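Student: Before anything else, here's the structure in question.
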Amino acid sequence: MVDTTKTIAAYYRRSTTDQENSIDRQRLAFQTFLKNSGEYAENAEEFIEDGISGDSSVDRPIQGRLLKNIESGKLDIDELFVASTDRWGRFSTAYKAQFTLPLKRKSVALRTPTSIIDFNKPTDDLLYDLHCNLAYIDNHERSAKVTSGIASKALKKTLKLLPCYGLRREGERLVIEEAQTEVVRLIYSKYLETGSKHKVTEYLNNELKGLSPAGKATWNIQTVSKILTNPKLSGHYVYGRLSKGKLHSFDGTALPQQRQEDLKGKEIRNSNSICSYTPDLIEPVIDLATYGKVQQKLIEKTLPKKQREGRRNKFTGLLKCSCGRNMRARYRNGHPVYACPSGKAGGCNGGEYREHLISTAILEVVKNHLLSGDAEKKIGKILQEQDDVNSEDLVRLNDLENKYKVAGARLLDLESCLPDGFREQMRTLKAEIDTIKARVSSCNAAGVDTGDAAKAMAEGYRKLLNGKSDEELLERDTLEQYIADIQLQYVFQRTGSKVFTAIDTVTIRGSLGYDARKGTTLYRSYVEDGLGTLKVRTKVPLPTYFEPDRPMSFSPMI
């Protein structure tokens with residue numbers, strides 16, 4: 001007795017609906033195979049992909065569902081029947097894995113009427129690669145020939161164009177369809193009268209009450225737009241306005257243009273289309289003058305697309321990480337937070353910081369330095385420090401000394417747990433500290449008279465900011481008038497294997513004249529451009545999860 005325990009399923013596919021009997025032939029081949037073999041269980045499941053190409057660029061949903069069911073175990077079969085290997089797909093071996101790997105994992109063989117392919121056998125796998133590539137090459141060659149043949153006919157104007165609303169075929173020509181022509185001419189005249197496709201559509205639906213080209217009782221604006229922009233109605237022979245071939249497309253010549261992999265099957269506008277006035281082949285429904293006026297009005301009425309403006313957060317473009325990069329905003333539970341785009345992969349160990357922390361620091365600088373009763377004195381002191389020694393050097397020197405101090409303690413206590421390159425980093429830190437100290441010590445300590453500059457800056461900030469509420473001080477337009485950029489410095493604390501981060505200081509570089517982005521602010525400076533920059537540092541309270549009795553560091557490495 002013949003064993004009928006084998007299970008099998010069948011997959012049928014036809015590329016286009018023009019292949020009328022393709023599915024029936026494949027089903028007949030499967031039934032004949034089952035009848036002759038007698039080895040398989042009854043009631044085999046069938047999967048039908050109708051009117052979809054076998055190219056790798058095309059999504060085949062039935063095939064995808066079939067492979068998913070096989071891989072998940074929902075469909076437990078021994079073999080999968082296809083009438084020929086190209087029915088499973090016409091793709092090169094570069095794309096083979098996504099269509100064969102699920103079968104290989106579940107040990108499902110691909111069965112044809114004359115052969116069986118077991119993807120776990122190297123010989124079968126190699127033969128399948130050969131079949132796939134041959135089918136792939138054959139498919140492309142046939143596509144190129146078909147595209148070239150159609151293009152040659154179009155260039156010679158011997159290709160029969162499809163009729164459209166207002167035109168019908170009569171032999172080799174497209175001639176006027178009287179019943180529809182009146183509607184087309186009415187659409188053109190109404191558009192010239194109103195200049196609105198919406199009003200034309202309303203008129204057709206409310207007054208004319210005739211059937212649309214699709215045979216429906218209502219017209220829509222897309223249908224009206226197609227009629228208004230159809231060159232055939234003015235007697236033009238048109239071909240290739242859209243590139244939409246699967247493998248090749250028309251490019252204005254008889255040579256087929258091979259499509260890029262990411263454009264296969266997609267419709268895009270073609271600038272090399274054919275459009276020539278041939279009233280002997282296409283009887284004009286609309287005269288050239290009227291058609292031209294409508295096209296001109298369409299261009300005039302079409303507004304240029306506005307460039308999409310993304311959500312601009314309060315500190316975007318102003319806030320800088322300690323590594324120097326602009327920080328980007330994102331939203332967590334509806335609240336804006338800022339983070340460095342480099343991330344840990346890019347060498348930056350800063351975390352995410354809520355917007356209200358930056359806002360609090362800015363308000364503190366404005367109220368305690370720029371608008372305080374002794375603002376002139378405080379600004380003068382900051383300017384004096386900036387003139388005596390570069391403030392960035394002092395900040396950098398302080399940070400480097402803190403890092404070097406913590407590194408020295410770690411070198412003594414945790415000798416066996418140091419990361420690679422630790423000592424080399426310490427030598428680099430020491431060399432930079434010595435360089436900055438030498439530069440600072442060589443500065444002229446005598447200083448300069450900054451009284452006039454401080455007075456002018458204090459007056460400028462007072463005129464710009466005095467009387468504004470906290471919300472007004474933090475508005476984006478106002479921020480850009482007195483802040484060039486905001487830079488963060490972080491502090492880290494290690495608890496076991498975890499490293500926590502928080503903002504330690506915020507450095508605000510104020511500017512009343514030309515800002516750091518090489519543009520003028522909306523507010524014109526009350527002081528000379530050379531005196532418009534002021535750097536103010538303010539400490540930020542540490543979060544509650546930072547333990548005051550535990551050591552803190554300015555580098556997560558140390």
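Here, each number is a calculation from the coordinates, and none is a lab measurement. In this text, all values refer to a predicted model and were calculated from it rather than measured experimentally. So basically every Cβ, Gly included, is an ideal-geometry build from the backbone, and we count neighbours across all protein chains shown.
Student: Say R0 is 45 Å: what FRET efficiency, to the nearest 0.05, do GLU300 and ASP50 get from their beta-carbon distance?
Tutor: The formula returns an efficiency of 0.50 here.
Student: How high is the FRET efficiency between THR538 and SER497 when r is their beta carbon distance and R₀ equals 30 Å, given to the nearest 0.05?
Tutor: 0.40
Student: While we're on this one: If R₀ is 60 angstrom, what is the calculated FRET efficiency for the pair LYS121 and ASN368, using the beta carbon separation as r and rounding to 0.05?
Tutor: For R0 = 60 Å, the calculated efficiency reads 0.15.
Student: Moving to a separate point now. Quick one: order HIS248, HIS198 by neighbouring beta-carbon count within 10 Å, fewest to most.
Tutor: HIS198, HIS248
Student: Also, I was wondering about something else. Starting from 0.36 nm per residue, how many nanometres of slack lie between LEU162 and ARG142 once their C-alpha separation is accounted for?
Tutor: Gain in length upon complete extension: 4.9 nm.
Student: May I pose another question? Pop out the ³J(HN,Hα) list for segment 117-125 in order, Karplus 6.51 cos²θ - 1.76 cosθ + 1.60 with θ = phi - 60°, rounded to Hz; leave Gly and Pro as x.
Tutor: Per-residue couplings from phi come out as 10, 9, 5, 7, 9, x, 5, 4, 4 Hz.
Student: Also, I was wondering about something else. Among LEU101, ILE48, ASN36, which residue has its Cα positioned farthest towards the positive end of the charge dipole of segment 8-141, with +1 placed on the Cβ of Lys and Arg, -1 on the Cβ of Asp and Glu, and the dipole taken about the Cα centre?
Tutor: With unit charges placed on the Cβ atoms, the residue in question is LEU101.
Student: Here is a follow-up. Working out 0.36 nm times the residue gap between ALA409 and GLU547, then minus their Cα-Cα distance, what length gain in nm do you get to one decimal?
Tutor: Answer, rounded to one decimal: 47.7 nm.
Student: Now, a different point. Once you have the Cα-Cα distance between CYS275 and LYS455, take 0.36 nm times their residue separation minus that, and quote the gain in nm to one decimal.
Tutor: Value of the extension gain: 57.6 nm.
Student: Could I ask something else about it? Taking Cα pairs under 8 Å and at least six residues apart, what relative contact order does segment 25-154 come out at, in percent?
Tutor: Worked out over segment 25-154, it gives 22 percent.
Student: With θ taken as phi - 60° and the coefficients 6.51, -1.76 and 1.60, list the Karplus ³J(HN,Hα) couplings across segment 217-233 in order, rounded to whole Hz; mark glycine and proline as x.
Tutor: Per-residue couplings from phi come out as 7, 10, 9, 10, 5, 5, 5, 4, 5, 5, 5, 5, 10, 8, x, 4, 5 Hz.
Student: Follow-up. Charges only on Cβ, +1 for Lys and Arg, -1 for Asp and Glu: so what's the dipole of segment 8-141 about the Cα centre, in debye to the nearest 20?
Tutor: So the dipole magnitude of segment 8-141 works out to roughly 260 debye.
Student: Using only the Cα atoms of segment 8-141, build the gyration tensor, take square roots of its eigenvalues as a ≥ b ≥ c, and label the shape rounded, prolate or oblate: rounded if a/c is under 1.5, else prolate if a/b is larger than b/c, else oblate.
Tutor: Rounded, because the longest to shortest axis ratio a/c is under 1.5.
Student: Tell me, how many Å apart are the Cα centres for segment 62-105 and for segment 115-191?
Tutor: 28
Student: Roughly how far apart, in whole Å, are the Cα centres of segment 448-488 and segment 206-277?
Tutor: What the calculation gives is 59 Å, centre to centre.
Student: Moving on to the next point. Once both labels are modelled 7 Å past Cα along the beta-carbon direction, what's the THR428-ARG396 spacing in nm?
Tutor: The answer from the label model is 1.4 nm.
Student: Order by neighbour count: ASP118, ASP138, fewest other Cβ atoms within 10 Å first, most last.
Tutor: ASP138, ASP118
Student: Can you pull the one-decimal nm distance between simple spin-label points at THR229 and ASN206, each 7 Å off the Cα toward Cβ?
Tutor: Rounded to a tenth, the inter-label distance reads 2.6 nm.
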